[in-house]
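Novice: What follows is a structure written as structure tokens; I'll ask about it next.
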């Protein structure tokens, strides 16, 4: 039997012997406390790791939300935010080219433009002059292609005649004709008068005239009542002369793709051309627009009625013919030609509307039929 080497421990064990079972319980309790302590430490460690993970997850979640918001912003706003409307996507190059090609196809041909010229009422001498001019330009191009010399060419023109004789209409057709045969690159017609070229301060007129010419480059600059740029001698300093000098220089600088047509009453236009040697040398083509005779005035009037689907009774047509006969025979320097016809037609439409509005139950014949009494009232308006 092994001998106990620690007397105090032996004595203690003997004194506590009766309570041996209790000591076993304390030992178990101590073991339990150790286990609980370990469990608490493990729990704290777990909680610490969980908290760290949560913070990382929250940050990641916020980042995802921000990224998601930016992604949503590409096509629209994130849920709950303001939505952005989608803008139309630009046309594809192929579509744009197709549209441009379609626009080119819609441009009138030379034959169509000549038919448009022929369809104008009267103006037989103007039509023939325009056709001769077009033929001259076409042959000139053929000579150039065959390396043949050509004399100097000036296409600047003077249109002389009373108002309403078709000067602006012919100028517009000419601009399209020159575009069709390649003389002009754009073919637009820019209409101006003195107010569009002359300013009221020194040095400003040249700028204003230059701006007007720049707008017309590639086309025709049509100057109505051009004689107002050169007032009578003795009128004092006038900025119109500055406009003329500027215009002459620009005509020379852009002679290959720019045409000027000056228009106005015959006698004042002759004085205008002779007022400056540069004008005489650059304008060598003159078109005289004669007044429309009574039959031509009626033809213009009848065309206006047909276009708007107004039908003259026989009595009304007879009155209209007599009206235009007297108008032509009694004309003076203020005779308006087609302008008078247009005003007369508009007055008839007004009188017709007043009469028909008082009828009950409007038939198609009421809406289109024009009576002699309508013309009689319109003639004195």
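Novice: Where in segment 261-340 are there helices (runs of 4 or more DSSP H), lying fully within it, with 3 or more residues that are surrounded by fewer than 19 Cβ atoms within 10 Å (Cβ to Cβ) and modelled with pLDDT of 95 or more? I'd like the intermediate steps shown before the answer.
Specialist: On the way: elements: 266-274, 277-282, 294-307, 314-329.
Per the criteria, 294-307, 314-329.
Novice: Since residue 150 meets every condition but one in (1) out of contact with any helix residue (DSSP H, G or I) (no Cβ under 8 Å at 6 or more places or on another chain); (2) at pLDDT below 90; (3) closer than 28 Å to residue 281 by Cβ, which condition does it not meet?
Specialist: Just one mismatch for residue 150, condition (1).
Novice: Against the condition without any contact (Cβ under 8 Å) to a residue 24 or more places away in the chain, assigned by TED's automatic domain parsing to the domain that holds residue 227 and more than 22 Å from the chain's Cα centre (by Cα), how does residue 152 come out, does it pass?
Specialist: yes
Novice: Within segment 197-225, can you find the residues that are in a helix (DSSP H, G or I), touching a strand residue (DSSP E or B) at 6+ places or on another chain (Cβ under 8 Å) and crowded, with 16+ Cβ neighbours inside 10 Å?
Specialist: 212, 213, 216
The values are calculated or read from the model by the stated rules, or taken from the named source; none is laboratory data. The shown structure was predicted, so the numbers you read here are calculated from the model rather than taken from an experiment. Every residue, glycine among them, receives a Cβ derived from its backbone with ideal geometry; neighbour counts consider all protein chains shown.
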